[in-house]
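The values are calculated or read from the model by the stated rules, or taken from the named source; none is laboratory data. Given the structure is predicted, the values throughout are model-derived calculations rather than measurements. Heads up, the Cβs are rebuilt from the backbone with ideal geometry, glycines too, and the neighbour counts pull from every protein chain shown.
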There are 2 protein chains.
Amino acid sequence: MTANETSTAPRMTGDQRREQILAVARHVFAEGGYAASTDDIARAAGVSQPYVVRLFGSKRELYAETYRRAADEIVETLRSVAPGPDVKDRMGDAYLRLIADPDMRLLTMQGFMSSDADIQAMARHTLGEAFRLHEQKVGSGPEDARNFVAHGMLINALLGTDAPARAAGDPGLEALVECAIPASQRQDAR
Amino acid sequence: MTANETSTAPRMTGDQRREQILAVARHVFAEGGYAASTDDIARAAGVSQPYVVRLFGSKRELYAETYRRAADEIVETLRSVAPGPDVKDRMGDAYLRLIADPDMRLLTMQGFMSSDADIQAMARHTLGEAFRLHEQKVGSGPEDARNFVAHGMLINALLGTDAPARAAGDPGLEALVECAIPASQRQDAR
DNA sequence: GTCTATAGACAGATAGAC
DNA sequence: GTCTATCTGTCTATAGAC
């Protein structure tokens, strides 16, 4: 170190702060959607609200970057599933593990309802990649790949409505949860 | 009529106004989500913002009532599919016809991401009913019924991201759209 | 790199008149 | 049945200091 100027030193480098705020934003946006405030994010990150806006230019850009990272993580995770025996099961498991994180699930779902063209583009591309990777790795044909993606969407919807924890007393829902969600995934997620 | 008191007469009865505002709210909430303002709804209905709030008690109650009607319409439509030959196809068609209305599709999707317990409850019950009605009417077993609901969710997601109109150039997405969405439904919806 | 102060817009809800 | 006026809160973004 060159000198220890006790009070002039910033607490973090810009990059560190960016990463920290993106991590916090992922959680806050996941729970509150785009309607979540930059102030909530700032408080959770321990910085001032104007600083959050300054670092990313605007709330919209922060949200887009947050979403992009989540979408990339999904595609990368599916891409990194090794070929070989049981690929089909391992592909399903990989998705279940991603979605076991409620923030990931909620953020993903938001893409399918966004009115922002950039978010929509990322969301639909992720769907297409999931389909393509299933066809490529599993090779059981387009219908099977489509069912893979569709089943993923159904699980998102069921978890989003807290169905596994609250199906009791609703016969249709009980039966649906039982045949759509593996027992290991059936505890509350919200 | 008893008398024509030219300026004292209200423009509509309370019930008529309620229905009109609910119709308008369906569209405004569909496009803007819960974040849409009561003022937007009021303007679109040609009344004042405070009056909208007064008629329904609060924005939240207006939203809940709007959602309830959409959810009821889905269940009623599926329930009214006549048994007989080709029930399976007619059940799928009934859902496609519902979802061909972008407002219906958007509103439905919002239920799967709501943080409001009442909305969540309606949304998951709708999923369960769709499953149950498929089993009851089509009778091709739980896996087939699950695939029916799952496929519905996939179509919601694809339409939500404008995939049919924008898949060009994205090979995975093109293939997915082709095998998930009937040609008749493939034009832009947003 | 980070803050305070604050502008400027907009929201939902209440009070009370007609 | 419906409005106007308005309170109170909240939000993003900018300006400028340190």
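Numbers below:
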item: Residue list for the stretch A:134-146, filter: facing chain B (nearest Cβ under 8 Å) and surrounded by fewer than 21 Cβ atoms within 10 Å (Cβ to Cβ); result: A:Glu135, A:Pro142, A:Glu143
item: Residue match in the stretch A:121-137 (condition: touching a Cys at 6+ places or on another chain (Cβ under 9 Å) and part of a helix (DSSP H, G or I)); result: yes
item: Per-region count, the stretch B:22-50, residues without any contact (Cβ under 8 Å) to a residue 24 or more places away in the chain, farther than 21 Å from B:Asp101 by Cα and not basic (Lys, Arg); result: 7
item: Count - residues of the stretch A:66-112 that are of a type outside the set (A, V, I, L, M, F, W, C) and within 22 Å of B:Gly33 (Cα to Cα); result: 9
item: Which numbered condition B:Ser7 misses (of (1) at pLDDT 95 or above; (2) near DNA strand C (Cβ under 9 Å from one of its atoms); (3) of a type outside the set (Phe, Trp, Tyr)); result: (1)
item: Any hit, the stretch B:116-131, residues being more than 7 Å from chain A (Cβ to nearest Cβ) and farther than 18 Å from B:Gly33 by Cα; result: yes
item: Candidates A:Val177, A:Val149 - the one that is under 25 Å from A:Ala82 (Cα atoms) and crowded, with 22+ Cβ neighbours inside 10 Å; result: A:Val149
item: Any hit, the stretch B:76-96, residues being touching a residue at least 24 places away in the same chain (Cβ under 8 Å) and among the aromatic types (Phe, Trp, Tyr); result: yes
item: Flag if A:Ala168 is without any contact (Cβ under 8 Å) to a residue 40 or more places away in the chain and within 9 Å of another protein chain (Cβ to nearest Cβ); result: no
item: Leading residue by the ranking (surrounded by the most Cβ atoms within 10 Å (Cβ to Cβ)) among those in the stretch B:36-91 that are within 16 Å of DNA strand D (Cβ to nearest atom) and among the basic types (Lys, Arg); result: B:Lys59
item: Residues satisfying the stated conditions in the stretch B:147-165, i.e. within 7 Å of chain A (Cβ to nearest Cβ) and aliphatic (A, V, I, L, M); result: B:Val149, B:Ala150, B:Met153, B:Leu154, B:Ala157, B:Leu158, B:Ala163
item: Given (1) of a type in the set (A, V, I, L, M, F, W, C); (2) without any contact (Cβ under 8 Å) to a residue 24 or more places away in the chain; (3) under 18 Å from B:Ala157 (Cα atoms), number of the condition A:Cys179 does not satisfy; result: (3)
item: Residue selected from the stretch B:49-100 under the condition among the acidic types (Asp, Glu) and under 13 Å from the mean Cα position of the chain (by Cα), by the criterion farthest from DNA strand C (Cβ to nearest atom); result: B:Glu76
item: Options A:Ser37, A:Ser48, A:Ser58: the member that is more than 30 Å from A:Arg132 (Cβ to Cβ), within 14 Å of chain B (Cβ to nearest Cβ) and among the hydroxyl-bearing types (Ser, Thr, Tyr); result: A:Ser37
